[in-house]
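Here the structure is laid out as structure tokens; the discussion comes afterwards.
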Amino acid sequence: MHKHIHAPRKLITSMALAAALAAPILAGAQGLPQPTIQITAFNGVPSGGCTAPRASVTVFANGTAANSDNFVMLVNGTLSYTWTGETMGWSPAPPGGPHGYGINGLSGSFAANSIITGRIITYAGTNATAPNPTTGQIPVYESEISWDCTTGAQVGSIVNRDLRAAVGVPVNTPFALLAAALALVVGGFAALRRRNA
């Protein structure tokens, strides 16, 4: 009888600890990862036609001055322009918006009705130039919006991609803590089954 009482107490303790670790992680997972710049809409109609297409977008930002971002512009799916800079100077804490973000710099002569895509990539680390995990330049998130260069009309939906799984998750992130918490619960169940066997 004593074994049956003792084992569930250990299991309950393990589950309580796991829940305590997971609670803030799950709460954070309901919002955006940090850092993130997420496009929410166009801010006005894209301009410049098919020779200098540009757009102003509204974004929601979750990051600090320790993060950075850049954007690229694609024409019919082909990379045509890259900009690098430090717009994370907003340093929203807590996450906030709306903020304005200009996507421009592409020039040329493109066929009528070409599809222009503006994609913002957010990095963990400052001075974003290209992905470089050694210097902390880990792409975390990207958000993109597309439009017809002739009509200025949006094409398709805004696309958001969480890149953390693609680049691997460092051991000190909330995901690692959540994995550890779940392992603790599984271990508790395994111990209980062995004791009751």
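The values are calculated or read from the model by the stated rules, or taken from the named source; none is laboratory data. Given the structure is predicted, the values throughout are model-derived calculations rather than measurements. Here the Cβ positions follow ideal geometry from the backbone for every residue, glycine too, while neighbour counts run over all protein chains shown.
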Practice problem: Could you check how many residues of the stretch 53-73 are within 11 Å of I103 (Cα to Cα) and hydrophobic (A, V, I, L, M, F, W, C)? | Solution: 5
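To keep it simple, each residue is scored yes or no on (1) within 19 Å of G152 (Cα to Cα); (2) exposed (fewer than 15 other Cβ atoms within 10 Å of the Cβ); (3) modelled with pLDDT of 90 or more.
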{"residue": "K10", "(1), (2), (3)": "no, yes, no"}
{"residue": "G28", "(1), (2), (3)": "no, yes, no"}
{"residue": "Q38", "(1), (2), (3)": "no, no, yes"}
{"residue": "T84", "(1), (2), (3)": "no, no, no"}
{"residue": "P94", "(1), (2), (3)": "no, yes, no"}
{"residue": "G97", "(1), (2), (3)": "no, no, no"}
{"residue": "A111", "(1), (2), (3)": "yes, yes, yes"}
Quiz prompt | Conditions (1) crowded, with 19+ Cβ neighbours inside 10 Å; (2) at pLDDT 50 or above; number of the one not met by A18 | solution = (2)
Practice problem: Quick one: T134 ticks every box in (1) surrounded by fewer than 13 Cβ atoms within 10 Å (Cβ to Cβ); (2) at pLDDT 90 or above except a single one, so which number is it? | Solution: (2)
